[in-house]
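See structure below.
The values are calculated or read from the model by the stated rules, or taken from the named source; none is laboratory data. Treat the numbers as computed from the prediction; the structure is a model and nothing was measured. For neighbour counting, all protein chains shown are included, and Cβ atoms are generated from backbone atoms with ideal geometry for every residue, glycine included. In case anyone asks, the SASA skips ligands and DNA or RNA and just uses the protein heavy atoms, side chains included. Shrake-Rupley method; radii C 1.70, N 1.55, O 1.52, S 1.80 Å.
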Amino acid sequence: MWHKDLGIEQKIGQMLMIGFRGLTLENSHWLVELLRKGLIGGVILFEKDLQTQGTRNIESPEQLRKLTEQLKSQAPFPLFIAVDQEGGKVSRLNSKNGFVDFPSHFDIANKEDESFANEIFTKIAEVLYNSGINVNFAPVVDLIINPNNSVVVQNNRCFSSDPFLTAKFAKIFISKHNDHKILAVAKHFPGHGSSYQDSHSQWTDVSNTWKSIELKPYEILSEEKILKAVMVGHIFNKHYDPNFPASLSHLWIEQILRRQYGFNGLVFTDDLQMKSISDNFTFEETVELSLLAGNDILLFANQIDFSEDIPQKFIKTTVKLLENNKISLERINKSFERIMNFKTDLC
């Protein structure tokens with residue numbers, strides 16, 4: 001295929017998803033230049049900028065559509081354009097910026113009405129498709145384990161404490177996105193619903209609270225061959241991997257998710273600038289460990305610590321790892337081929 005002849009830097013660039021500032025690309029010359037060179041594989045859009053507290057990428061339906069068209073026009077290869085559109089509190093497209101508000105995962109599952117879920121999830125997928133977005137970091141398949149969990153449980157981001165009910169509604173969510181050629185990314189593997197800490201701000205250790213039942217939704221969705229993408233959380237469990245959180249763990253990604261459950265779709269990291277990672281690993285360590293763990297796409301949301309230099313640093317770091325035989329060209333090619341196969345289907 002056409003993409004087999006790309007240079008190594010372009011292949012590495014396909015493994016990067018980055019956040020940026022702007023309602024248009026007018027002042028993002030750094031991003032435009034990298035897009036035109038094929039050195040960025042995806043972007044993530046946000047409603048609000050965490051540092052400035054101002055509007056970031058989404059202001060209105062018309063503006064968003066123009067922005068996504070701009071982004072695609074600058075990229076020589078198909079581009080992943082992602083948002084977090086779960087419904088409920090985590091909805092980047094909402095009534096404040098001219099879109100419709102949708103109920104949370106918990107509210108939908110609580111109705112126990114599959115036809116209602118079908119209707120809502122179809123509408124979410126339609127809104128994203130009409131906006132030019134092709135990746136949704138949802139559904140949340142974390143289970144309600146710890147009622148005091150402030151990240152997903154108390155924000156009604158989980159469907160249920162029941163893994164079978166969770167998988168049932170997640171399957172509807174994913175299938176409706178598949179129908180609209182949108183990649184639905186289930187999160188946060190291997191389960192964030194038992195945590196007491198928030199990985200956005202601190203090391204998140206679930207060694208004494210995590211339960212193996214939290215893996216069940218992934219097992220079910222993998223068996224049913226509907227799961228195409230997974231986001232791995234920064235969840236540390238010393239009983240499984242005594243050194244690294246799941247997002248940086250070869251054991252969690254390659255041995256459990258891929259080998260044990262037979263998952264052969266795309267693996268995304270959660271935002272690698274979250275404090276649980278950035279406070280404990282250097283940028284270079286983060287990139288090396290992420291790649292060795294088996295992640296296909298490394299996400300830098302550019303929210304907590306904004307930098308235009310991340311793409312160049314990422315490519316330079318990865319090239320150096322290749323030159324020093326820390327990672328193999330086969331490792332890069334494997335993710336690259338997987339990414340391009342999905343992009344061919346979606347974009």
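Here are the numbers for this structure:
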| item | result |
| --- | --- |
| Some residue of the range 298-305 being open to solvent by 70 Å² or more (accessible area, probe 1.4 Å) and modelled with pLDDT under 95 | yes |
| Some residue of the range 71-91 being over 27 Å from S335 (Cβ atoms), assigned to a loop (DSSP other than H, G, I, E, B) and in contact (Cβ under 8 Å) with a residue 12 or more places away in the chain | yes |
| Filtered residue count, the range 222-232, keeping only those that are outside any strand (DSSP E or B) and either crowded, with 24+ Cβ neighbours inside 10 Å or at positive phi (or both) | 2 |
| Residue satisfying condition, being open to solvent by 10 Å² or more (accessible area, probe 1.4 Å) and either part of a helix (DSSP H, G or I) or at positive phi (or both), within set K216, K238 | K216 |
| The listed residue being in a loop (DSSP other than H, G, I, E, B) and within 21 Å of the chain's Cα centre (by Cα), out of A138, A125 | A138 |
| Index of the failed condition, A167 passing every other in (1) of a type in the set (G, A, S); (2) within 23 Å of V43 (Cα to Cα); (3) assigned to a helix (DSSP H, G or I) | (2) |
| Residue in the range 164-187 that is nearest to I81 (Cα to Cα), counting only those that are of a type outside the set (A, V, I, L, M) and open to solvent by less than 10 Å² (accessible area, probe 1.4 Å) | H177 |
| Any hit, the range 6-21, residues being on the phi > 0 side of the Ramachandran plot and among the polar types (S, T, N, Q) | no |
| Hits in the range 277-335 (condition: of a type in the set (G, A, S) and in a helix (DSSP H, G or I)) | S278, S290, A293, S335 |
| In the range 116-139, the residues that are closer than 21 Å to S161 by Cα and open to solvent by 40 Å² or more (accessible area, probe 1.4 Å) | F116, N118 |
| Any hit, the range 290-301, residues being over 17 Å from the mean Cα position of the chain (by Cα) and not aromatic (F, W, Y) | yes |
| Cβ pairs under 7 Å, 6+ apart, first in the range 18-33 and among the aliphatic types (A, V, I, L, M), second modelled with pLDDT under 95 and open to solvent by less than 60 Å² (accessible area, probe 1.4 Å) | none |
| Any hit, the range 261-277, residues being open to solvent by 10 Å² or more (accessible area, probe 1.4 Å) and β-branched (V, I, T) | no |
